[in-house]
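Remarks on the structure that follows.
Each reported figure results from applying straightforward, stated rules to the coordinates on display, with no laboratory input. Since the structure is predicted, the reported quantities are computational estimates derived from the model, not experimental observations. All Cβ positions, even for glycine, are placed from backbone atoms using ideal geometry, and neighbour counts span all protein chains on display.
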Amino acid sequence: MTTMWRPARIFAFAACFGALASCATAPTPPPAIHAQALPLIPEPALVEPKPGIFRLRDGAALIVDSQNAEAAGIAHRFADLIAETRGIHLDVHPLGSHAERDAIIFSLDARAANVPSGEGYDLAVDPQRILLFAREPRGLFYGSVTLWQLLTADTTKVSRLDVPQVHIADQPRFAWRGAMLDSARHFQSPAFVKRFIDQLALLKLNTLHWHLTDDQGWRIEIKRYPKLTEIGAWRRPAGAAGTDANGQPVRYGGFYTQDDIRDIVRYAAARYVTIVPEIDMPGHMQAAIAAYPELGSIGDAPVVSPDWGVHAYLVNTDDETIAFLENVLDEVTDLFPGPYVHVGGDEALKDQWKASPRVQARMRALGIENENAMQGWFLAAIEKHLAARGKRVVGWDEILESGVPPNAIVMSWRGAKGGIDAAHAGHDVVMAPDPDLYLDHLQSDAPDEPPGRPTLRTLADIYAFEPVPPGMPADVAAHMLGAQAELWTEHMRTEERVEHAAFPRLDALAEALWSPKAARDWTGFTQRLAPEIERQRAMGVHVADGGMSRAHAPQDPLTRTSSALKPCSGKLRLRLEDDAPAEGPRAVFDTDLFDPCWIFEQAPLDGIAGVAVDVGQIPYNFQLAHDVTGIVPRPAPTSADGDLLVRLDGCSGTPLATIPLDKAVTNPAVTTLTASWPPVAGAHDLCFVFAYRGHDPLWSIDKVRLLRAH
Ligand code: TNX
């Protein structure tokens, strides 16, 4: 049941409007059960089903006000999309030049009384014609997307199509409906970024926050500072992946030229997606400091980082450095016409500023007491420069700790609290909380989910996300611009994985942000999702199945992959990919950065004579900053290369086997280690833990097989 009646205060329908429109009267509730859910995501604000149908034939007319080039463009792109996904060709005609019977009409009317906002639209499918109405082109665009979804309940190619008669009146609940794409940790091609923008737009998401710089790569060409991309866009991956077949260092990365960016920005604008570029500072700047070491605080020259986690590098606070960043931002603002520039501000550990005589001298000269306040001063200088160029800054919620420029938008990532506090303090806010909307968390517990953070964020979790906390007063809630989901790509090495993480969870977010709160209906959403996933697949998107249709293979009781083993303490679990082989599938390990140790619970040991364990080693390329003290020390090894210990009844139990790692240590991919043991009766917890010096590499288990006695 997805159709619903919305009270007339959302839309007033009492008037007749426009030359082309029919008279609408105040809506009456539709029959309680509508035979079939309309295949729409996000659910529109108001849907009034009617009993008839409109028959759309191949070659039908699509009439558009061609005086308006934007409207004509929307009509042509709509026609292309229908041809591509349904095989029906529409002939685009200018308004007034073709009969309206049996046609689709796209009409712009700035005074359309029934359409309350620029992003809103009114769509009437009647037996004689389909009439789409909006005040502004972007509303027309969203209406065309709704109509496209109505026409693609499935994606078989046809020559005529019956469209259910319906009246839809729609507008979004929130203004900021977004996704963040991290192109720094792994670079995605310009073609991919465009495909991604296509999918955002088809979900009526209107903001792409583009994370373009970080410790691991600088991805945007800056003409004045060519080394930012000559050096900063490339890194040597950690571990085995860092050396090629000829023993040479691998150069991994990429960047967007200014032409690429202009092209992508134009492409996004035509789909009503605003790109918010992020240049993260003063932390997450190691790639820039690698390119121009004079930007750094402690006088050394780092490499572009091959690691994940929180890095120590900060840019310094000299006038020359601020001028450098302002010059960078001038090129950025020339490329991105949107109203916002994101300046990061997150995870800037202050150790280097504390250790830097020049930063300390600057602080004294300015009379600034501590490093947090210094970050506030630094970002205020940047904000002033951007404001003079007509841009509003956006920053991660750390900016709250150092004095936020009043006009800055606070992006709440460390949970919702920062956003709530900021809204109460009068700042505009975008909710982007971890873990709620962090799509690097796995979406299902299926063992074949690709790498990521194993605390699940399921489709249902995202669907239930509510940006405005209960009880927030209306004047405060007015500061909640909306929300966005984050695609951090440490664990998304391929474009397929980005899509798998994004869809269909962004479908769920789109509905949470567009549809009226009262329209949220999980069961209805899951019904509407089936045709949506079919559409996305037909367009070549590597969409996940939303965890809805997975058939779990029957489990062999003697075999467990790492995802079915229990972590011994579970301090910081990750699902990590092996770094070898260079080509072809790689093993994926569920492991724990602080305590790599696994338990095979209640292993049935009757008739078992030993074990085969598939093990791999991955580089310990994690910067843990001050948390490094939390690493659980490994047991002492007995062999030179270390051992895998198997213990009975938990990790302090009797040793069952001590398996030397010498066979595995020279193999960058997965090695099978075996051991035998004397008979043990009954079921027992088996503990598997690696004993070796230090913590690099991160030895990990892929799979454990208990071996029967012959
Ligand atoms: C924290 S969110 C970060 C990112 C990481 C992310 C991984 C934020 C502002 N900083 O640098 O990619 O965690 O989930």
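Would you mind estimating how fast the range 522-665 diffuses translationally, via Stokes-Einstein at 20 °C and 1.002 mPa s with the Kirkwood radius over Cα pairs, in µm²/s?
On the way: Rh = 18.9 Å.
Reported coefficient: 113 µm²/s.
For the range 31-102 and the range 641-699, what is the separation of their C-alpha centers, rounded to whole Å?
Between the Cα centre of the range 31-102 and that of the range 641-699, the gap is 63 Å.
Which whole-angstrom value gives the distance between the alpha carbon centres of the range 284-308 and the range 398-469?
A separation of 28 Å, based on Cα centres.
How far is helix 258-270 tilted, in degrees, relative to the longest principal axis of the Cα atoms in the chain, given as a value from 0 to 90 rounded to the nearest 10?
50
When DSSP assigns beta bridges and you keep just the ones with both residues in the range 178-283, what percent turn out antiparallel, to the nearest 5? Don't skip to the answer; put the middle values down first.
On the way: 5 of 16 bridges.
In the range 178-283, DSSP labels about 30 percent of beta bridges as antiparallel.
For a quick check of your reading of the filter: which GluC sites (Glu not before Pro) in the range 553-657 sit in a DSSP loop and have no more than 11 other Cβ atoms within 10 Å?
583
Would you calculate, for the chain, the mean residue ellipticity at 222 nm contributed by helices, counting each DSSP H stretch of 4 or more residues as -39,500 (n - 2.57) and dividing by all residues, to the nearest 500?
It comes out at -7500 deg cm²/dmol, rounded to the nearest 500.
Please give the direction-averaged projected area of the C-alpha convex hull for the range 272-373, in square nanometres with one decimal. Numbers along the way, then the final one.
Working: hull surface 29.8 nm².
Dividing the Cα hull surface by four gives the mean projection, 7.5 nm².
What percentage of all Cα-Cα pairs in the chain are separated by more than 47 Å?
Working: 68363 of 251695 pairs.
When all Cα pairs of the chain are counted, 27 percent exceed 47 Å.
Considering all alpha-carbon pairs of the range 381-521, what whole percent are spaced by more than 23 angstrom? Write out the running numbers ahead of the final one.
Numbers: 4128 of 9870 pairs.
Looking at the range 381-521, the distances longer than 23 Å represent 42 percent of pairs.
Work out how much length residue 102 to residue 157 would gain on full extension: take 0.36 nm times their residue separation and subtract the Cα-Cα distance, in nm to one decimal.
On the way: separation 55, 0.36 × 55 = 19.80 nm, distance 2.00 nm.
That works out to 17.8 nm of additional length.
Pulled fully out, how much extra length does the chain show between residue 638 and residue 696, if you take 0.36 nm times their separation in residues and subtract their Cα-Cα distance?
On the way: separation 58, 0.36 × 58 = 20.88 nm, distance 1.74 nm.
Gain in length upon complete extension: 19.1 nm.
So if I restrict to the alpha-carbon atoms in the range 582-710, what is the Rg, and what is Dmax, the biggest pairwise distance, in Å?
14.9, 51
If you take every DSSP beta bridge fully contained in the range 279-435, what fraction is antiparallel? Give it as a percent rounded to 5.
Details: 1 of 11 bridges.
Rounded to the nearest five, the antiparallel share is 10 percent.
Over the chain, what is the percentage of antiparallel beta bridges among all DSSP beta bridges, to the nearest 5? Write out the running numbers ahead of the final one.
Numbers: 68 of 115 bridges.
Within the chain, antiparallel bridges account for around 60 percent of the total.
Give a quick list of trypsin sites (Lys or Arg not before Pro) in the range 102-138 that DSSP marks as loop, anything other than H, G, I, E or B, with at most 16 other Cβ atoms within 10 Å. Kindly include the intermediate steps, with their values, before the conclusion.
Details: sites: 111, 129, 135, 138; in loops: 111, 129, 135.
Listed in order of number, the matching sites are 111.
Between residue 494 and residue 110, what is the label-to-label distance in nm when each label sits 7 Å out along the Cα-to-Cβ direction?
5.0
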